[in-house]
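Working notes, structure below.
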Amino acid sequence: MNNSVSSTLRLIGAGLRALLVLTVICGVIYPLAVTGIAQALFHDKANGSEIKDKSGQVVGSSLIGQTYNLPKQNPDDAEEAVKPDLKWFQPRPSNGLGSNSVNMQYSLILSGATNRSADNGAVGGKCTKDADEGTLCAQVVAARDAVVADNSTADYKVNPEDVPADAVTSSGSGLDPNISPEYAELQVHRVAEQNKLDVKQVEKLVADHTTGRTLGFMGEPRVNVLELNTALKALTKS
């Protein structure tokens, strides 16, 4: 009986020592080591790829898109149409983004794609104004018309044929933070007019925030909308 109790106590003691050692290694040393390596080698990514304004305030992540809309006149009215704030560069269309006010704060709601085929609502193989309401084609045509209307100014008219695909379609996640250089350039005249800036100033802003293909061959050239709008905000307040 004594031998049995002694053996049991030895097993319990060994288990407790193993628990203590593994807790220290896996629960303390390993997390600290991984955190230290991440902070030393990948500081920006480890902290969420944060974007900061001139004052050092975090305004968002470079990995998550934001919308730039005017505040609703009646916040409690779910039926009230959301209107874009034309002072800012606009991102890709998305139902998955929260609204972003002028102070660059955002509220993430959900993520998801439309899950509709490219020819959903097409008439004669093409998206036209005759597309049934609620179809992808109807949304694309409406978005294209809105892009043309919003970005045409007194001295610059947007042709419907010049509207790029990313201006009228959402990304797979609905959270794409980037737009094409073509879409950014299409918005230059409107942004310059709304902010009373010279067009060349805004064109340079876009050029400075255009990123090429990764390693020179992967992906497409892109412009991060949050980074661009953060620089625009600094320019208009300087």
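Just so it is clear, none of the values below were taken in a lab; they were calculated from the coordinates. Small disclaimer: the values here were computed from a predicted structure and weren't measured. We place every Cβ from the backbone using ideal geometry, glycine too, and count neighbours over all the protein chains shown.
Straight-line reach from K157: which lysines fall under 22 Å, measuring Cα to Cα and dropping same-chain residues less than 8 apart?
K83, K87, K129, K196, K200, K204
Rank by packing, highest mean first: peptides 32-40, 144-152, with packing defined as the count of other Cβ atoms within 10 Å averaged across residues.
Highest-to-lowest ranking by the protection proxy: 144-152, 32-40.
How do the peptides 82-94, 214-226 rank, highest first, by the average count of neighbouring beta carbon atoms within 10 Å per residue?
Ranking the peptides 82-94, 214-226 by packing returns 82-94, 214-226.
Any idea what Rg and Dmax come out to for region 133-179 if you just take the C-alpha atoms, in Å?
Cα radius of gyration and Dmax of region 133-179 are 11.9, 36 Å respectively.
Run the Debye formula on the Cα coordinates of region 1-47, all scatterers equal and no solvent, and tell me log10 I(q)/I(0) at q = 0.14, 0.19 1/Å.
-0.52, -0.67
Measure nothing but the geometry: give the 0 to 90° angle between the long axis through the Cα atoms of 225-237 and the longest principal axis through the Cα atoms of the chain, rounded to 10°.
70 degrees
Sorted from largest down, what three extents in whole angstroms do the Cα atoms of region 190-238 have along their principal axes?
Result for region 190-238: principal-axis Cα extents of 37, 17, 14 Å.
Counting pairs of Cα atoms in the chain, how many percent are more than 24 Å apart?
Result: 58 percent of Cα pairs exceed 24 Å.
Once the other residues with Cβ under 13 Å from the Cβ of A165 are scored (Lys, Arg +1; Asp, Glu -1), what is the net sum? Walk me through the numbers before you get to the answer.
Values: positive: R92, R144; negative: E161, D162, D166, D176, E182, E220.
So the surrounding residues net to -4.
Expressed as an acute angle from 0 to 90° and rounded to the nearest 10, what is the orientation of the C-alpha long axis of helix 199-208 relative to the principal long axis of the chain?
30 degrees
For the chain, which cysteines have no disulfide-compatible partner, meaning no other cysteine Cβ under 4.7 Å?
If one checks each Cβ against the other cysteines of the chain, C26 turn up with nothing under 4.7 Å.
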